[in-house]
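Comments concern the structure below.
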Amino acid sequence: MNLSTKAELKRDLILKAAIEFILENDFNNLTLEAVAKQAGISKGGLLYHFPNKEALLAGLTQHIFEEFITLFKEKAHQDPIEKGKWSRALVELSKWDLEHNSKLNIGVLSQSLLDQDTSKAIDTTYQYVQDKIEEDVINPVTATIIRLAIDGLYYSELLNVAPIEKELREKVLNELLNMTK
């Protein structure tokens, strides 16, 4: 194993530990010490990859969005029905993400507001998703309405602006899936 592969593995270990810490605790309790402990490495080892908390948060945000795109592509490619597969992938992935990663998403949104480079990376991800759903063999307006409805679910949840109950959210997501047919 070469040095860059070891470094990449260590970096991934740190990012996964940060995600675990946030999901088990709270974003506001995230410290470099806590992430190093969660990863089972020294703080110095963490600082080698992320010299400060801002760098860790930026790396974490980039990692989350890269993973989202990877999963988005996988879901779409596994769908045997061509028509609406990208929109369905977005709905299904968002459904899982809203249920399991809400604490994490709050931190990512906060980071994007504080860091222009992170904000650009998020915009690039959103643009990729938008481009794919517009090519989805369903009406591009319908596909965009689906994406914007999902955005609304995220922002309602993340900003705690009249978040809807889980049962209603499930029905909304199912209705969005029906729109992909």
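The values are calculated or read from the model by the stated rules, or taken from the named source; none is laboratory data. In this text, all values refer to a predicted model and were calculated from it rather than measured experimentally. Cβ sites come from the backbone with ideal geometry, for glycine too, and all protein chains shown count toward neighbours. Remember, those area values only see protein heavy atoms, side chains included, never the ligands or the DNA or RNA. Shrake-Rupley method; radii C 1.70, N 1.55, O 1.52, S 1.80 Å.
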If you go through segment 123-130 one residue at a time, do you hit one that is of a type in the set (Asp, Glu), out of contact with any strand residue (DSSP E or B) (no Cβ under 9 Å at 6 or more places or on another chain), surrounded by fewer than 17 Cβ atoms within 10 Å (Cβ to Cβ) and not in a helix (DSSP H, G or I)?
no
Note on segment 131-159: residues under 18 Å from ARG169 (Cα atoms), surrounded by 16 or more Cβ atoms within 10 Å (Cβ to Cβ) and modelled with pLDDT of 90 or more are ILE146, ARG147, ALA149, ILE150, LEU153
Would you kindly identify the helices (runs of 4 or more DSSP H) lying entirely within segment 1-52 that contain at least 3 residues that are touching a residue at least 60 places away in the same chain (Cβ under 8 Å)?
3-24
If you check LYS75, LYS83, LYS53, which single one turns out to be touching an Asp or Glu at 6+ places or on another chain (Cβ under 7 Å) and open to solvent by 30 Å² or more (accessible area, probe 1.4 Å)?
LYS75
If you go through LEU109, LEU173, the only one that is open to solvent by less than 60 Å² (accessible area, probe 1.4 Å), within 22 Å of PHE21 (Cβ to Cβ) and of a type outside the set (Phe, Trp, Tyr) is LEU109
